[in-house]
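*Asks:* This is the structure, below, for whatever I ask next.
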Amino acid sequence: MNHHTTDNEKYLLQQVAEGHAAAFALLVDLFWKRVYGSTLALTKSPQTAEELTQDIFLKIWEQRTSLPQVENFGVYIYVIGRNQVISAMRKKVMAIVPDMPGDLVEEMSSPDLQLELKETSGLIYAGIEALSPVRRKIFKMSRINGLTYDEIATELGISKNTVKEHVVLALGFLRRYLQDHSDKTVPVIVLALHCFR
């Protein structure tokens, strides 16, 4: 990592530490794939990996005031990720072997935050239904059915750029919709929306 990138990273961490939602969203965008890939390699379960990745970023948000002191964020996020995976594995073992001593078990991130994520995801689906019929159809084809822009363009007989514009505008609408209809915290909204990026 060069010096310029390191300075940018430190500035970003400082912005997150101060509670800026846009900075946290950018941090999630930059590191999501790396964290998800690592947890998936360890857990072998896409669903578990996604839940743990959300937990990891929630943990980072909860501890955001300490971010300006972080010298190497790559190492920092790796340690948090490793601890979350270990915690999840121990919790799984406890479900199978309930007599295991309690001091061997670590609590995962707040269940309340996980519940908030589920509730916010439900609100996103309500927002999707509020889109115009054409935009809703394109958004669902892209973000729910997993079709590429090229595939959607071919199926609907429109240009790839038109498809992309509809998806971008839909995401912007959903962001505003959540802000207007939800009292959830910044990380919950950011992470819930990230699932549709």
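The values are calculated or read from the model by the stated rules, or taken from the named source; none is laboratory data. Keep in mind that this is a model prediction, so the values were computed, not measured. Note: ideal-geometry Cβ built from the backbone for every residue, glycine included; neighbour counts use all protein chains shown.
*Asks:* Against the condition of a type outside the set (A, V, I, L, M), buried (at least 17 other Cβ atoms within 10 Å of the Cβ), at pLDDT below 85 and in a helix (DSSP H, G or I), how does Arg176 come out, does it pass? Before you say what the answer is, go through the steps one by one.
*Replies:* Numbers: of a type outside the set (A, V, I, L, M): yes; buried (at least 17 other Cβ atoms within 10 Å of the Cβ): no; at pLDDT below 85: yes; in a helix (DSSP H, G or I): yes.
Considered against the rule, which asks whether it is of a type outside the set (A, V, I, L, M), buried (at least 17 other Cβ atoms within 10 Å of the Cβ), at pLDDT below 85 and in a helix (DSSP H, G or I), Arg176 comes out as no.
*Asks:* Look at Tyr149 and say whether it is buried (at least 16 other Cβ atoms within 10 Å of the Cβ) and over 19 Å from Ala25 (Cβ atoms). Steps first, answer last, please.
*Replies:* Numbers: buried (at least 16 other Cβ atoms within 10 Å of the Cβ): yes; over 19 Å from Ala25 (Cβ atoms): yes.
Judged against the criteria, Tyr149 is a match.
*Asks:* While we're looking at this one, here's another question. Please name all residue pairs, on different chains or six or more residues apart, with Cβ atoms under 8 Å, provided the first residue is in the range 50-65 and is farther than 13 Å from Trp32 by Cβ and the second residue is modelled with pLDDT of 90 or more and part of a helix (DSSP H, G or I).
*Replies:* Close Cβ pairs (under 8 Å, with a partner that is modelled with pLDDT of 90 or more and part of a helix (DSSP H, G or I)) amount to Trp61/Val16; Trp61/Phe24; Arg64/Val16; Arg64/Ala17; Arg64/Phe24; Thr65/Ala17.
*Asks:* Tally time: how many residues in the range 66-88 are more than 16 Å from Thr39 (Cα to Cα), touching a residue at least 12 places away in the same chain (Cβ under 8 Å) and of a type outside the set (S, T, N, Q)? Break it down into steps so the answer makes sense when it comes.
*Replies:* Initial filter on the range 66-88 (more than 16 Å from Thr39 (Cα to Cα)): 66-73.
From what's left, touching a residue at least 12 places away in the same chain (Cβ under 8 Å): 66-68, 70, 73.
Filter once more, so that each one left must be of a type outside the set (S, T, N, Q): 67-68, 70, 73.
Result for the range 66-88: 4.
*Asks:* So which of Thr5, Thr65, Thr53 ends up being of a type in the set (Ser, Thr, Tyr), at pLDDT 90 or above and more than 19 Å from the chain's Cα centre (by Cα)?
*Replies:* On the way: Thr5 fails: at pLDDT 90 or above; Thr53 fails: more than 19 Å from the chain's Cα centre (by Cα).
The conditions single out Thr65.
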